[in-house]
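In what follows, a structure is listed as C-alpha cells, so that the remarks can point back to it.
The values are calculated or read from the model by the stated rules, or taken from the named source; none is laboratory data. Only a predicted model underlies this, so the values are computations on that prediction, with no experimental measurement involved. All Cβ positions, glycine included, derive from the backbone under ideal geometry; neighbour counts span all protein chains shown.
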Amino acid sequence: MNMLELRRVSKVYGQGAAEVHALDRVTLSVDEGAMVAVMGPSGSGKSTLLTIAGSLEEPTEGEVRVRGAGLAGMSRGDKARLRRRTIGYVFQDYNLLPGLTAAENVSLPLELDGWPARKARAAGLAALAELGLADRAGRYPDELSGGERQRVAIARAMVGERRLLLADEPSGALDSGNAEAVMRLVHDACRKGGMAAVVVTHDAQLASWADRVVFLRDGRVTDQTAPAPGPESLLTPGRPQ
C-alpha cells in the first residue's frame with residue numbers, strides 16, 4: 001500500500017514581488033518497503049517537501065496522505081499522534097534536547113505516546129546499538145561529536161513502530177563509512193521491516209541505496225529514475241535493478 005502520497009502539492013511563501021514557489025504541483029508516492037532518494041540543487045524544494053510530508057507544514061494547494069489518511073482533515077492533536085507513532089523525522093540540525101542523554105532523547109517519543117519508561121528505554125538502547133552508539137547512551141548532546149549527534153537523531157526517528165522515515169541529509173555530518181552504514185540501515189529497515197523512507201541527499205553514491213531517485217528543480221519534479229547499481233546490489237544478489 002502507499003505509505004505516503006502527495007498529489008499536485010504546491011507551497012508558496014510570501015506575496016507579490018516576494019512570492020516564492022517552493023513546490024509546484026509535486027506528485028509523489030512511496031510504498032511500504034520502498035526507499036526514495038530526493039536530489040536537487042539548493043533551493044529546489046527538497047526540505048519543504050519533507051516538512052509537508054511530515055505534517056510540519058501545510059501545503060498551499062494539493063493533497064497529502066499518510067497510510068491512506070488525508071492530513072488536511074486532521075486536527076493538530078491527530079497530526080501530533082501521527083508523528084509520534086508513524087513518522088520519524090531526521091532534521092538537518094538534529095533537534096536533540098540538550099538536557100536529555102542520548103538514550104533519553106531516543107526513547108522520549110515512545111514515552112510521550114504512553115510506552116512504559118522501562119520498555120521505551122530498552123527500545124531506545126536497542127536503536128542506539130544498531131547505530132554503534134551503545135557506549136554513548138548516557139552522554140548528553142554537547143558531549144557527542146556532530147556525527148554521533150546525527151546518529152542519535154536517526155535512532156530517534158527509527159525507534160519503535162515508525163512506518164515512514166523522512167530524513168533531511170541524514171549523512172551530512174558523517175564520514176563516508178558511517179554514511180554508508182546509515183544508508184544500509186535505512187535500506188534494511190525498508191526491505192526487511194516494511195518501512196517506507198524518503199531521504200534527501202546530495203550524494204549520488206548514497207542515493208544508489210534507494211529504489212528510486214526523484215530530482216527536484218525550482219520546486220518541480222524533473223525526473224524520477226532507478227539509480228545505477230550501487231553498493232546494495234552487492235548485498236542482495238538477484239535484486240532487480
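Looking only at the stretch 37-48, count every residue that is within 17 Å of Thr27 (Cβ to Cβ) and in a loop (DSSP other than H, G, I, E, B) and tell me the total.
Summing the residues that are within 17 Å of Thr27 (Cβ to Cβ) and in a loop (DSSP other than H, G, I, E, B) in the stretch 37-48 gives 3.
Based on this model, can you work out whether Ala155 counts as surrounded by 18 or more Cβ atoms within 10 Å (Cβ to Cβ), over 20 Å from Ala189 (Cα atoms) and out of contact with any strand residue (DSSP E or B) (no Cβ under 8 Å at 6 or more places or on another chain)? Outline the logic, then answer.
Values: surrounded by 18 or more Cβ atoms within 10 Å (Cβ to Cβ): yes; over 20 Å from Ala189 (Cα atoms): no; out of contact with any strand residue (DSSP E or B) (no Cβ under 8 Å at 6 or more places or on another chain): yes.
No: the conditions fail for Ala155.
Quick grid of which residues meet (1) touching a Cys at 6+ places or on another chain (Cβ under 8 Å); (2) among the polar types (S, T, N, Q); (3) closer than 27 Å to Thr201 by Cβ; (4) not assigned by TED's automatic domain parsing to the domain that holds Arg156:
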{"site": "Arg65", "(1), (2), (3), (4)": "no, no, yes, yes"}
{"site": "Ala69", "(1), (2), (3), (4)": "no, no, no, yes"}
{"site": "Met74", "(1), (2), (3), (4)": "no, no, no, yes"}
{"site": "Ala80", "(1), (2), (3), (4)": "no, no, no, yes"}
{"site": "Leu112", "(1), (2), (3), (4)": "no, no, no, no"}
{"site": "Trp115", "(1), (2), (3), (4)": "no, no, no, no"}
{"site": "Arg118", "(1), (2), (3), (4)": "no, no, no, no"}
{"site": "Asp135", "(1), (2), (3), (4)": "no, no, no, no"}
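Which numbered condition trips up Ser233, out of (1) in a helix (DSSP H, G or I); (2) among the small types (Gly, Ala, Ser); (3) at pLDDT 90 or above?
Checking Ser233 against (1) in a helix (DSSP H, G or I); (2) among the small types (Gly, Ala, Ser); (3) at pLDDT 90 or above, the one that fails is (3).
Can we say Ala157 is touching a helix residue (DSSP H, G or I) at 6+ places or on another chain (Cβ under 6 Å), under 20 Å from Asp31 (Cα atoms) and modelled with pLDDT of 90 or more?
On the way: touching a helix residue (DSSP H, G or I) at 6+ places or on another chain (Cβ under 6 Å): no; under 20 Å from Asp31 (Cα atoms): yes; modelled with pLDDT of 90 or more: yes.
Answer is no for this residue.
If the requirement is being surrounded by fewer than 20 Cβ atoms within 10 Å (Cβ to Cβ) and aliphatic (A, V, I, L, M), which of these qualifies: Ala69, Ala37? It would help to see each step written out before you state the result.
Numbers: Ala37 fails: surrounded by fewer than 20 Cβ atoms within 10 Å (Cβ to Cβ).
Of Ala69, Ala37, the one residue that is surrounded by fewer than 20 Cβ atoms within 10 Å (Cβ to Cβ) and aliphatic (A, V, I, L, M) is Ala69.
Got at least one residue in the stretch 181-197 being surrounded by 18 or more Cβ atoms within 10 Å (Cβ to Cβ), part of a strand (DSSP E or B) and modelled with pLDDT of 85 or more?
The answer is yes; a qualifying residue exists.
Please give the helices (runs of 4 or more DSSP H) falling wholly within the stretch 49-141 in which 1 or more residues are under 29 Å from Ala22 (Cα atoms).
Numbers: elements: 76-85, 102-112, 117-130.
Ranges flagged: 76-85.
What are the residues in the stretch 55-70 that are in contact (Cβ under 8 Å) with a residue 24 or more places away in the chain, more than 17 Å from Met195 (Cα to Cα) and of a type outside the set (Asp, Glu), if any?
Start the filter on the stretch 55-70 by keeping residues that are in contact (Cβ under 8 Å) with a residue 24 or more places away in the chain, which leaves 55-57, 59-68.
If we keep only those that are more than 17 Å from Met195 (Cα to Cα) too, we end up with 55-57, 59-64.
Result: Ser55, Leu56, Pro59, Thr60, Gly62, Val64.
Does Tyr89 fit the bill of being under 30 Å from Met1 (Cβ atoms), in contact (Cβ under 8 Å) with a residue 24 or more places away in the chain and aromatic (Phe, Trp, Tyr)?
Numbers: under 30 Å from Met1 (Cβ atoms): yes; in contact (Cβ under 8 Å) with a residue 24 or more places away in the chain: yes; aromatic (Phe, Trp, Tyr): yes.
For Tyr89, the condition - under 30 Å from Met1 (Cβ atoms), in contact (Cβ under 8 Å) with a residue 24 or more places away in the chain and aromatic (Phe, Trp, Tyr) - is met.
Is the stretch 127-137 home to any residue that is surrounded by 13 or more Cβ atoms within 10 Å (Cβ to Cβ) and farther than 22 Å from Gly193 by Cα?
Within the stretch 127-137, one or more residues are surrounded by 13 or more Cβ atoms within 10 Å (Cβ to Cβ) and farther than 22 Å from Gly193 by Cα.
Among (1) under 20 Å from Leu206 (Cα atoms); (2) of a type outside the set (Phe, Trp, Tyr); (3) in the same structural domain as Asp211 (by TED's automatic domain parsing), there is one condition Thr51 misses while meeting the rest; what is its number?
(1)
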